[in-house]
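Below you'll find the structure, written out as C-alpha coordinates, and then a few comments.
The values are calculated or read from the model by the stated rules, or taken from the named source; none is laboratory data. Model, not experiment: these values are computed from the prediction. As a convention, Cβ positions derive from the backbone with ideal geometry for all residues, glycine included, and neighbour counts pool all protein chains shown. Heads up: the accessible areas ignore ligands, DNA and RNA and are worked out on the full protein's heavy atoms, side chains in. Shrake-Rupley method; radii C 1.70, N 1.55, O 1.52, S 1.80 Å.
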Amino acid sequence: NAGVTQTPKFQVLKTGQSMTLQCAQDMNHNSMYWYRQDPGMGLRLIYYSASEGTTDKGEVPNGYNVSRLNKREFSLRLESAAPSQTSVYFCASSLTSGSYTGELFFGEGSRLTVL
Amino acid sequence: KQEVTQIPAALSVPEGENLVLNCSFTDSAIYNLQWFRQDPGKGLTSLLLIQSSQREQTSGRLNASLDKSSGRSTLYIAASQPGDSATYLCAVVGETSGSRLTFGEGTQLTVNP
(Lines give C-alpha, C1' and ligand atoms only; values in the text may rest on other atoms or scores of the structure.)
Protein backbone atom coordinates (compact mmCIF):
# COMPACT_ATOMS: atom_id res chain seq x y z
CA ASN A 1 0.00 0.00 0.00
CA ALA A 2 1.86 3.09 -1.28
CA GLY A 3 -0.34 5.74 0.41
CA VAL A 4 0.48 9.19 -1.02
CA THR A 5 3.17 9.35 -3.69
CA GLN A 6 4.76 12.61 -4.84
CA THR A 7 7.11 13.22 -7.75
CA PRO A 8 9.70 14.55 -8.16
CA LYS A 9 11.39 14.44 -4.76
CA PHE A 10 13.92 17.14 -5.69
CA GLN A 11 13.92 19.83 -8.39
CA VAL A 12 16.03 22.88 -9.19
CA LEU A 13 14.51 25.51 -11.46
CA LYS A 14 15.61 28.83 -12.86
CA THR A 15 13.41 31.88 -12.35
CA GLY A 16 10.65 31.91 -14.96
CA GLN A 17 10.67 28.19 -15.69
CA SER A 18 7.55 26.11 -15.22
CA MET A 19 7.01 22.71 -13.70
CA THR A 20 4.33 20.39 -12.38
CA LEU A 21 4.41 18.45 -9.12
CA GLN A 22 2.52 15.21 -9.32
CA CYS A 23 0.62 13.54 -6.48
CA ALA A 24 -1.33 10.29 -6.37
CA GLN A 25 -3.09 8.44 -3.54
CA ASP A 26 -4.37 4.88 -3.47
CA MET A 27 -6.60 5.09 -0.37
CA ASN A 28 -9.79 6.09 -2.19
CA HIS A 29 -9.81 9.43 -0.36
CA ASN A 30 -12.04 12.16 -1.72
CA SER A 31 -10.10 15.18 -0.38
CA MET A 32 -6.59 16.12 -1.45
CA TYR A 33 -4.37 19.02 -0.45
CA TRP A 34 -1.17 20.84 -1.41
CA TYR A 35 0.85 22.49 1.37
CA ARG A 36 4.15 24.28 1.44
CA GLN A 37 6.44 24.23 4.46
CA ASP A 38 8.92 27.01 5.15
CA PRO A 39 11.12 27.66 8.21
CA GLY A 40 9.33 29.97 10.65
CA MET A 41 6.10 29.87 8.63
CA GLY A 42 4.91 26.36 9.31
CA LEU A 43 2.65 24.49 6.90
CA ARG A 44 0.46 26.67 4.71
CA LEU A 45 -2.32 25.44 2.47
CA ILE A 46 -1.92 26.32 -1.21
CA TYR A 47 -4.96 24.59 -2.76
CA TYR A 48 -7.26 21.79 -1.85
CA SER A 49 -9.82 19.62 -3.60
CA ALA A 50 -12.81 18.23 -1.71
CA SER A 51 -13.80 15.92 -4.55
CA GLU A 52 -13.01 15.06 -8.13
CA GLY A 53 -13.68 18.05 -10.34
CA THR A 54 -13.55 20.68 -7.57
CA THR A 55 -10.67 22.82 -6.36
CA ASP A 56 -10.47 25.72 -3.90
CA LYS A 57 -7.83 28.25 -2.96
CA GLY A 58 -6.08 27.97 0.34
CA GLU A 59 -3.99 30.49 2.23
CA VAL A 60 -1.23 31.08 -0.37
CA PRO A 61 -2.53 30.28 -3.89
CA ASN A 62 -0.81 33.05 -5.87
CA GLY A 63 1.62 31.74 -8.49
CA TYR A 64 0.15 28.23 -8.49
CA ASN A 65 -2.49 26.28 -10.39
CA VAL A 66 -3.90 22.85 -9.66
CA SER A 67 -5.68 20.07 -11.48
CA ARG A 68 -7.71 17.29 -9.92
CA LEU A 69 -7.28 14.88 -12.79
CA ASN A 70 -9.35 12.09 -11.22
CA LYS A 71 -10.04 10.81 -7.72
CA ARG A 72 -6.46 9.54 -7.32
CA GLU A 73 -4.40 12.39 -8.74
CA PHE A 74 -3.92 16.04 -7.81
CA SER A 75 -1.19 18.05 -9.51
CA LEU A 76 0.35 21.43 -8.65
CA ARG A 77 1.75 23.64 -11.40
CA LEU A 78 4.13 26.57 -11.15
CA GLU A 79 3.72 28.54 -14.39
CA SER A 80 6.62 30.97 -13.90
CA ALA A 81 8.75 30.02 -10.92
CA ALA A 82 10.06 32.70 -8.55
CA PRO A 83 12.74 32.44 -5.83
CA SER A 84 9.96 32.98 -3.24
CA GLN A 85 8.56 29.60 -4.28
CA THR A 86 11.65 27.81 -2.99
CA SER A 87 10.12 25.49 -0.42
CA VAL A 88 9.21 21.95 0.50
CA TYR A 89 5.85 20.97 -0.99
CA PHE A 90 3.63 18.32 0.56
CA CYS A 91 0.62 16.59 -0.90
CA ALA A 92 -1.91 15.08 1.49
CA SER A 93 -5.21 13.26 1.34
CA SER A 94 -8.06 12.42 3.68
CA LEU A 95 -11.55 11.00 3.78
CA THR A 96 -14.13 13.74 4.37
CA SER A 97 -17.90 13.67 4.60
CA GLY A 98 -19.97 16.66 5.67
CA SER A 99 -18.46 17.92 8.90
CA TYR A 100 -16.22 14.86 9.26
CA THR A 101 -12.54 15.08 8.30
CA GLY A 102 -10.50 11.93 8.82
CA GLU A 103 -6.79 11.53 9.34
CA LEU A 104 -4.54 13.34 6.90
CA PHE A 105 -1.98 11.19 5.12
CA PHE A 106 1.07 12.98 3.71
CA GLY A 107 3.53 12.27 0.95
CA GLU A 108 7.29 12.44 1.54
CA GLY A 109 7.57 15.93 0.09
CA SER A 110 9.06 17.60 -2.98
CA ARG A 111 12.01 19.89 -2.34
CA LEU A 112 12.03 22.74 -4.85
CA THR A 113 14.77 25.31 -5.28
CA VAL A 114 14.27 28.29 -7.60
CA LEU A 115 17.48 30.12 -8.55
CA LYS B 1 -8.85 33.67 11.49
CA GLN B 2 -7.86 30.51 13.36
CA GLU B 3 -4.37 30.57 14.85
CA VAL B 4 -2.63 27.54 16.34
CA THR B 5 0.28 27.94 18.75
CA GLN B 6 2.60 25.29 20.10
CA ILE B 7 4.76 25.86 23.14
CA PRO B 8 7.60 25.20 23.65
CA ALA B 9 9.19 25.43 20.19
CA ALA B 10 11.90 23.02 21.30
CA LEU B 11 12.29 20.58 24.17
CA SER B 12 15.19 18.37 25.24
CA VAL B 13 14.69 15.63 27.83
CA PRO B 14 16.58 12.58 29.11
CA GLU B 15 15.37 9.14 28.09
CA GLY B 16 12.64 7.72 30.28
CA GLU B 17 10.96 11.00 31.16
CA ASN B 18 7.24 11.54 30.78
CA LEU B 19 6.53 14.76 28.92
CA VAL B 20 3.71 17.00 27.76
CA LEU B 21 3.51 19.01 24.55
CA ASN B 22 1.03 21.86 24.35
CA CYS B 23 -1.20 23.15 21.57
CA SER B 24 -3.60 26.08 21.77
CA PHE B 25 -6.05 27.44 19.21
CA THR B 26 -7.88 30.76 19.11
CA ASP B 27 -11.28 29.68 17.75
CA SER B 28 -12.92 26.91 19.76
CA ALA B 29 -15.42 26.13 16.96
CA ILE B 30 -13.56 23.09 15.65
CA TYR B 31 -14.58 19.72 14.26
CA ASN B 32 -11.41 17.92 15.23
CA LEU B 33 -7.75 18.19 16.20
CA GLN B 34 -4.91 16.03 14.95
CA TRP B 35 -1.40 15.45 16.23
CA PHE B 36 1.36 14.61 13.75
CA ARG B 37 4.98 13.60 13.90
CA GLN B 38 7.57 14.76 11.38
CA ASP B 39 11.06 13.27 11.12
CA PRO B 40 13.81 15.34 9.43
CA GLY B 41 13.44 15.34 5.66
CA LYS B 42 10.21 13.37 5.80
CA GLY B 43 6.50 13.95 5.50
CA LEU B 44 4.05 14.13 8.40
CA THR B 45 2.66 11.02 10.04
CA SER B 46 -0.69 11.18 11.80
CA LEU B 47 -0.49 10.10 15.45
CA LEU B 48 -3.90 10.80 16.95
CA LEU B 49 -7.17 12.31 15.79
CA ILE B 50 -9.61 13.71 18.37
CA GLN B 51 -13.13 14.60 17.30
CA SER B 52 -14.67 17.69 18.95
CA SER B 53 -17.06 15.49 20.96
CA GLN B 54 -14.16 13.50 22.46
CA ARG B 55 -11.97 14.39 25.45
CA GLU B 56 -8.98 12.19 24.70
CA GLN B 57 -7.43 9.54 22.50
CA THR B 58 -4.72 7.02 23.30
CA SER B 59 -2.27 5.07 21.17
CA GLY B 60 0.42 3.09 22.93
CA ARG B 61 2.58 5.52 24.97
CA LEU B 62 0.77 8.53 23.52
CA ASN B 63 -2.27 10.21 25.00
CA ALA B 64 -3.86 13.33 23.55
CA SER B 65 -6.46 15.38 25.36
CA LEU B 66 -8.76 18.08 24.08
CA ASP B 67 -10.42 20.91 25.99
CA LYS B 68 -12.39 22.54 23.23
CA SER B 69 -13.92 25.30 25.33
CA SER B 70 -10.54 26.59 26.48
CA GLY B 71 -8.88 26.05 23.09
CA ARG B 72 -6.22 23.66 24.34
CA SER B 73 -4.84 20.23 23.61
CA THR B 74 -1.96 18.33 25.14
CA LEU B 75 0.05 15.39 23.86
CA TYR B 76 1.42 13.23 26.67
CA ILE B 77 4.34 10.93 25.87
CA ALA B 78 5.10 8.31 28.51
CA ALA B 79 8.55 6.85 29.11
CA SER B 80 10.19 8.76 26.29
CA GLN B 81 12.75 7.04 24.05
CA PRO B 82 15.44 8.40 21.69
CA GLY B 83 13.28 7.17 18.79
CA ASP B 84 10.62 9.68 19.85
CA SER B 85 12.93 12.51 18.75
CA ALA B 86 11.08 14.41 16.02
CA THR B 87 8.96 17.49 15.47
CA TYR B 88 5.38 17.20 16.72
CA LEU B 89 2.67 19.31 15.09
CA CYS B 90 -0.95 19.83 15.93
CA ALA B 91 -3.64 20.94 13.51
CA VAL B 92 -7.34 21.81 13.77
CA VAL B 93 -10.27 21.68 11.38
CA GLY B 94 -12.50 24.67 12.02
CA GLU B 95 -16.29 24.55 11.67
CA THR B 96 -16.16 27.28 9.02
CA SER B 97 -13.06 26.04 7.15
CA GLY B 98 -14.51 23.09 5.28
CA SER B 99 -12.01 20.23 5.40
CA ARG B 100 -8.97 22.52 5.65
CA LEU B 101 -6.54 22.13 8.52
CA THR B 102 -4.69 24.95 10.28
CA PHE B 103 -1.30 23.88 11.61
CA GLY B 104 0.86 25.01 14.48
CA GLU B 105 4.59 25.43 13.87
CA GLY B 106 5.48 22.40 15.93
CA THR B 107 7.58 21.41 18.93
CA GLN B 108 10.99 19.94 18.16
CA LEU B 109 11.59 17.15 20.68
CA THR B 110 15.00 15.64 21.43
CA VAL B 111 15.21 12.64 23.75
CA ASN B 112 18.77 12.07 24.93
CA PRO B 113 20.04 8.54 25.69
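Both the radius of gyration and Dmax for the range A:57-115 are 13.4, 42 Å, in that order, over alpha-carbon atoms. Restricting the GluC sites (Glu not before Pro) of the range A:2-110 to loop positions (DSSP other than H, G, I, E, B) with no more than 12 neighbouring Cβ atoms within 10 Å leaves A:Glu79. The C-alpha radius of gyration of the protein assembly as shown, expressed as a fraction of 2.2 N^0.38 Å, stands at 1.01.
Taking Cα pairs under 8 Å and at least six residues apart, what relative contact order does the range B:18-68 come out at, in percent?
Relative contact order here is 27 percent.
Here the Karplus relation 6.51 cos²θ - 1.76 cosθ + 1.60, evaluated at θ = phi - 60°, turns the backbone of the range B:7-18 into coupling constants of 10, x, 6, 8, 8, 10, 9, x, 4, x, 6, 8 Hz, with x for every Gly and Pro.
Under 19 Å from a label point 7 Å along Cα→Cβ of B:Ala9: give me every residue in the range A:20-64 with its amide N that close. Residues A:37-44 fall inside that zone. Alpha carbon centre of the range B:47-100 versus the range A:51-115: separation in Å? Value for the Cα centre distance between the two parts: 24 Å.
Only protein heavy atoms count here, probed at 1.4 Å, and on that basis chains A and B bury about 1800 Å² of accessible area in total. Close amide H contacts of A:Glu108 (hydrogens built in the peptide plane, cut-off under 5 Å, sequence separation of 5 or more or a different chain): A:Gln6. Computed 3J(HN,Hα) for the range A:66-75, one whole-Hz value per residue from the Karplus formula 6.51 cos²θ - 1.76 cosθ + 1.60 where θ = phi - 60°, is 10, 9, 9, 5, 6, 5, 7, 10, 9, 10, glycine and proline marked x. How high is the relative contact order of the range B:51-91, given as a whole-number percent (alpha carbon pairs under 8 Å, six or more residues apart)? Computed over the range B:51-91, the figure is 27 percent. The label-point distance for A:Thr54 and A:Met41, in a model that sets each label 7 Å from Cα toward Cβ, rounds to 2.8 nm.
In the structure displayed, which of A:Lys71/B:Lys42; A:Lys71/B:Lys68; A:Lys14/B:Lys1; A:Lys9/A:Lys57; A:Lys57/B:Lys1 lie more than 26 Å apart, Cα to Cα?
A:Lys71/B:Lys68; A:Lys14/B:Lys1
When the trypsin sites (Lys or Arg not before Pro) in the range A:1-104 are filtered for DSSP coil states and for at most 12 other beta-carbon atoms within 10 Å of their beta-carbon, the remaining sites are A:Lys9, A:Lys14.
With the simple spin-label model, which puts each label point 7 Å out from Cα in the Cβ direction, the B:Gln51 to A:Met19 separation comes to 4.1 nm.
When chain A is modelled as a GNM with alpha-carbon springs shorter than 10 Å, which of A:Gly53, A:Gly98, A:Gly63 fluctuates the most? The residue that fluctuates most here is A:Gly98.
Compute the Cα gyration tensor for chain A, then decide on rounded, prolate or oblate, letting a ≥ b ≥ c be the square roots of its eigenvalues: rounded whenever a/c is under 1.5, prolate when a/b is larger than b/c in the other cases, and oblate in all that remain.
Working: a/c = 1.75, a/b = 1.69, b/c = 1.04.
In terms of gyration-tensor shape, prolate.
According to the square roots a ≥ b ≥ c of the eigenvalues of the Cα gyration tensor, what is the shape class of chain B, taking rounded for a/c under 1.5, prolate for a/b larger than b/c otherwise, and oblate for the remainder? Prolate, since a/c reaches 1.5 and a/b exceeds b/c. Here r is the Cβ-Cβ distance between A:Glu79 and A:Lys9 and R0 is 35 Å; the resulting FRET efficiency, rounded to 0.05, is 0.95.
Each residue, B:Asp67 and B:Asn18, gets one label point 7 Å from its Cα in the Cβ direction; the gap between the two is 1.7 nm. Here the protein assembly as shown exposes an accessible surface that is 48 percent carbon and sulfur, computed with a 1.4 Å probe and the other protein chains kept in place.
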